1. What is the spin-label model distance, in nm, from Arg226 to Ser267 if the labels are put 7 Å beyond Cα along the C-beta direction?
2. Return, for the Cα atoms of region 133-181, the radius of gyration and Dmax in Å, separated by a comma.
3. Working from the alpha-carbon coordinates of the chain, get Rg over Rh, Rh being the Kirkwood radius.
4. Kirkwood hydrodynamic radius, region 1-86, all distinct C-alpha pairs: what's the number in Å?
5. What are the semi-axes of the equivalent ellipsoid for region 210-314, taken as the square roots of 5 times the Cα gyration tensor eigenvalues, largest first, in whole Å?
6. So, by mean Cβ neighbours within 10 angstrom, what's the order for 70-78, 21-29 with the highest one leading?
7. Testing the spin-label approximation: label points 7 Å from Cα along Cα→Cβ at Asn299 and Asp137. State their distance in nm.
8. Among the lysines, which have Cα under 25 Å from the Cα of Lys74 when same-chain residues fewer than 8 positions away are ignored?
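None of the figures in this text is laboratory data; all of them are computed from the coordinates on show. Worth saying up front: this structure is predicted, and the values here are computed from it rather than measured. Here Cβ is always computed from backbone atoms with ideal geometry, including for glycine, and neighbour counts include all displayed protein chains.
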Amino acid sequence: MEVMNKILEKIKEYNTIIIHGHKRPDGDCYGAQFGLKDIITTTFPNKEVYVVGETSEFVSFVGTVDTISDDKYKNALSIVVDTATKERISDSRYTLGSEVIKIDHHIPIDNYGDYIWVDTTFPSCAQMIAYFYKSFDELKVSPFGARAMYTGIVTDTGRFRYRSVSKLTHEIAGMLIDLGADIVEIDQKLSKESLKSFQFKAHLLNQVKFDEDFAYVVIKKADIERFGISDEDASSNVNLLGGIEGYDVWMLFIESNDEVRIRIRSSKIAIDELANMFEGGGHQMASGARLNSFKELDNFLTTTRAYIKTKKEV
């Protein structure tokens with residue numbers, strides 16, 4: 001509670017607040033950013049609050065990011081949400097703010113910021129923001145903010161399917177529904193997809209490879225260009241491989257610019273340590289990593305086999 005008191009104190013202190021998220025934002029990042037912005041602007045309507053960073057087609061209905069000049073950071077408070085490391089922060093100008101607050105639910109790796117609230121027991125950063133709202137009677141929020149936070153919770157919990165979901169998660173979700181989050185509208189927006197995206201899913205399922213204890217798909221840049229989808233759209237399909245009997249770990253390898261991004265998921269074995277070996281990290285059952293090129297793929301697969309074998313022997 002002490003750190004939340006300090007965060008509220010700082011929000012009250014500054015007239016300009018700029019909220020950052022991570023590169024390639026997902027639903028939780030947007031949910032936390034726009035949820036927090038709405039709480040602040042609804043409670044303190046005279047404050048200037050901006051959400052900056054990259055755009056996300058997948059959850060564009062949650063809000064529109066702001067384009068601001070450097071001078072907005074003068075005497076401003078920077079808040080970074082849902083981002084474990086400095087290198088993952090979208091828009092490095094967060095350092096131009098007078099002070100920086102970090103709010104995150106990932107395993108702590110990089111303790112940047114003047115004030116840090118990290119709690120890995122929360123399944124989503126959006127739930128942290130909603131809990132922050134719930135903890136202070138003076139705070140207000142509109143249905144817009146409730147929708148943003150509910151979207152963040154739903155997307156980062158796999159629609160309440162992951163082990164990290166708790167009684168509190170459902171209580172918070174219920175509170176957001178009472179505050180105006182339209183769960184039917186949110187579900188329809190999250191479920192809707194283009195024909196190209198649907199066709200890509202069929203292609204992806206046709207490319208699945210099965211190793212000793214894990215399943216994976218290699219997605220080349222040519223595949224993404226062929227179907228006319230974004231890297232983000234490709235990444236969002238990782239859980240299509242989940243639930244295959246006998247394969248408790250599954251992965252997508254996505255060629256993006258000058259690197260290969262890896263989405264790693266598991267239903268039983270903690271895989272965050274594996275991700276850490278390859279310039280990544282995240283949660284025990286959902287992490288990301290990277291390779292410089294597909295030339296490093298064989299080494300990654302060999303390491304994964306050994307890693308899973310070791311974990312199973314424990």
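1. 2.8 nm
2. Expressed in Å, the Cα Rg and Dmax of region 133-181 come to 10.9, 33.
3. With Rg and the Kirkwood Rh in hand, the quotient comes to 0.97.
4. 13.4 Å is the Kirkwood radius here.
5. After diagonalising the Cα gyration tensor, the semi-axes are 22, 15, 12 Å.
6. By packing density, highest mean first, the sequence is 21-29, 70-78.
7. 5.9 nm
8. Straight-line reach from Lys74, under 25 Å: Lys6, Lys10, Lys12, Lys23, Lys37, Lys47, Lys86, Lys102.
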